[in-house]
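The values are calculated or read from the model by the stated rules, or taken from the named source; none is laboratory data. Just so you know, these numbers come straight off a predicted model, no measurement behind them. We place every Cβ from the backbone using ideal geometry, glycine too, and count neighbours over all the protein chains shown.
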Ligand code: ADP
């Protein structure tokens, strides 16, 4: 079976690692020949995943296509889908999710709990909706890793907003941020992973570290699972989805956003769950039975982020000390150049005891630094 992946980043890289267990011929479309996934596929095609003709030409002789990022040319995927190429997930799901405005409208239409919102066309527009403040302004398309998100606590912050079609959404008093990965196959059967809890770095607005299974009361877990499954069933498409949720101080659960693909919050599933999210997506694409999502041991993920003040050829200071730890698994994405804040890799730690996990996560954060010589 010939399967294409749009995008050659670290998620594509890990997807290709899992493909080695199956009989599949892999193709990657990506502009950067040095990208993390470029050398792991059977066929690398250089090209722009946002360009209609490039995506169409890439896909027309393939059996199936999946994505590792939403910023792809959905019109080309739709044409390919009409011509019989299987797209995972279906293009209607990618199209809805790709834009935060249509994504929020989808939640509303399907009675999925998500913070109240209005659509705005400019920053100035926010002043017509002060009843929603404190709020969060989210650009419709093009934002990622917190870069398309601005907190608007009061009217004095309005100028921080986006001058493009955006969502203005009520700010939730967050107790915990969790993510749930849900798999659905072509028969409509679903499998759900235990939730991961994100600990966000408030300065960089990036993930600090992650723990899974998240430590949440059973009743909150049931609600979160029910919401995530309902949402994925509403998309009515075979594929793998990551649903990011907020648990507020009243233990109410709200959907923040969904990704129609393998997700950073599922990296630990490689070592910590029976079937990883990557293995699961291959099972869906190849029409095999769904895998076992159970956790083998609790896990933490520490991201390896380019250190401030260093730009150039990446060097991983302290790597040997981390490699000496017997429950730590290092994943370096193979990006040549480091720069401040760039995601260069991650370390997964597994341990039966949560205190040990957080202790080790902190130790690793202080042991390894991504710098340049
Ligand atoms: P991205 O798509 O860039 O990851 P998100 O929509 O996940 O952006 O938002 C980034 C972060 O901003 C979230 O992880 C959360 O901490 C905060 N955030 C987003 N929406 C809200 C909200 N409605 N209320 C409170 N905080 C929010």
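Return the only residue of 55, 85 being within 22 Å of the chain's Cα centre (by Cα), within 27 Å of residue 181 (Cβ to Cβ) and crowded, with 16+ Cβ neighbours inside 10 Å.
55
Taking the condition of being on the phi < 0 side of the Ramachandran plot and free of Cβ contacts under 8 Å to residues at least 60 places away in the same chain, how many residues in region 306-334 meet it?
18
Listed here are the residues, each with its yes/no results for (1) within 15 Å of the ligand (Cβ to nearest atom); (2) under 17 Å from the mean Cα position of the chain (by Cα); (3) closer than 25 Å to residue 352 by Cα.
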residue: 227; (1), (2), (3): no, no, no
residue: 248; (1), (2), (3): yes, no, no
residue: 264; (1), (2), (3): yes, yes, yes
residue: 271; (1), (2), (3): no, no, yes
residue: 277; (1), (2), (3): no, yes, yes
residue: 283; (1), (2), (3): no, no, no
residue: 292; (1), (2), (3): no, no, yes
residue: 297; (1), (2), (3): no, no, yes
residue: 304; (1), (2), (3): no, yes, yes
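For region 200-241, give me the residue count where each residue is in contact with a helix residue (DSSP H, G or I) (Cβ under 6 Å, 6 or more places away or on another chain), at pLDDT 95 or above and not in a loop (DSSP other than H, G, I, E, B).
3
Among the listed residues 242, 183, identify the single one that is closer than 30 Å to residue 364 by Cβ, within 16 Å of the ligand (Cβ to nearest atom) and buried (at least 16 other Cβ atoms within 10 Å of the Cβ).
Every option except 242 fails the conditions.
Tell me the strands (runs of 3 or more DSSP E) entirely within region 270-338 that contain at least 1 residues that are closer than 29 Å to residue 194 by Cβ and modelled with pLDDT under 95.
Filter on region 270-338 gives 299-305.
Among 61, 99, 73, which is the only one that is within 16 Å of the ligand (Cβ to nearest atom) and farther than 14 Å from residue 241 by Cα? Before you say what the answer is, go through the steps one by one.
Details: 61 fails: within 16 Å of the ligand (Cβ to nearest atom); 73 fails: within 16 Å of the ligand (Cβ to nearest atom).
Matching residue, one of 61, 99, 73: 99.
Return a yes/no flag: does region 186-199 have any residue that is at pLDDT below 95, within 15 Å of the ligand (Cβ to nearest atom) and outside any loop (DSSP other than H, G, I, E, B). Outline the logic, then answer.
So in region 186-199, the residues at pLDDT below 95 come out as 198-199.
Filter once more, so that each one left must be within 15 Å of the ligand (Cβ to nearest atom): 198-199.
Filter again for outside any loop (DSSP other than H, G, I, E, B), leaving 198-199.
Within region 186-199, one or more residues are at pLDDT below 95, within 15 Å of the ligand (Cβ to nearest atom) and outside any loop (DSSP other than H, G, I, E, B).
Which one is surrounded by the most Cβ atoms within 10 Å (Cβ to Cβ), of the residues in region 128-148 that are at pLDDT 95 or above and within 8 Å of the ligand (Cβ to nearest atom)?
Per the stated criteria, the residue is 135.
So, residue 111, is that one in a loop (DSSP other than H, G, I, E, B) and surrounded by fewer than 19 Cβ atoms within 10 Å (Cβ to Cβ) or not? Walk me through it before giving the result.
Details: in a loop (DSSP other than H, G, I, E, B): yes; surrounded by fewer than 19 Cβ atoms within 10 Å (Cβ to Cβ): yes.
Against the criterion (in a loop (DSSP other than H, G, I, E, B) and surrounded by fewer than 19 Cβ atoms within 10 Å (Cβ to Cβ)), residue 111 qualifies.
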